[in-house]
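Enquirer: Structure below; questions to follow.
A short reminder: the numbers here are calculations on the coordinates, not readings from a lab. It should be emphasised that the depicted structure is a prediction, and the values quoted were computed from it without experimental measurement. Cβ atoms come from the backbone with ideal geometry, glycine included; neighbour counts cover every protein chain shown.
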Amino acid sequence: MKEKTLIPLDGSRSGEAALHFVEDFIDKLKPGEVPEVTLLEVVTPRMEHISVEGGYVDIVDGREDPGKATAEAAEYLEKSAGVLRSKGVVVNSKVVVSENPHLSYQSIIEVEEEIHPDLVAMSSHNRPAVTKWFHDNTAENVTRKGKTPVLLVHSEM
């Protein structure tokens, strides 16, 4: 049986912790086992946080070209696939565009439902509990709302 793993990436070094964990894990597989990995990046519009009385509002930064962001994400995923491919792993890459940066976890779950991986391996940024309360926690939402087991790898950054 071919094991399938989905690895969502966000383009950051700390977001690559799960990728590096999987790369190291592959070295421990028996000869002849060929896993399949799908690298995913969810492209969202950049948001500007504008302070207003009583809090802040998020406004989409319309200056960014979504086509350029998608092309950069695809290039990043191809570069990230290099080490896995050198180890004989079948690597697919997928870029998904989400209009709402706070709902990127939904895009990850949709891809999960589409490709039916055995595991989702993703990085969890080490944020203080108060920060997690105020900001959307993608890893936590994928873990709670998705149907596939999730391996959370805490980044050191």
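Enquirer: Could I have the simple spin-label model distance between Asp24 and Ile50, label points 7 Å from Cα toward Cβ, reported in nm to one decimal?
Expert: Using points 7 Å along Cα→Cβ, the separation is 4.5 nm.
Enquirer: I would also like to ask the following. How big is segment 4-154 in terms of Cα radius of gyration and Dmax, in angstroms?
Expert: Rg and Dmax of segment 4-154, Cα atoms, are 16.4, 61 Å.
Enquirer: Same structure, new question: List the pairs from Lys4/Lys87; Lys30/Lys79; Lys28/Lys87 whose alpha-carbon separation is above 20 Å, in the order I gave them. Spell out each step's value before the answer.
Expert: On the way: Lys4/Lys87 15 Å; Lys30/Lys79 26 Å; Lys28/Lys87 11 Å.
In this structure, Lys30/Lys79 exceed 20 Å between Cα atoms.
Enquirer: Given H placed on each backbone N at 1.01 Å, which residues far from Ser124 in sequence or on other chains put an amide H within less than 5 Å of it?
Expert: Close amide H contacts, sequence-distant or interchain: Val153, His154, Ser155.
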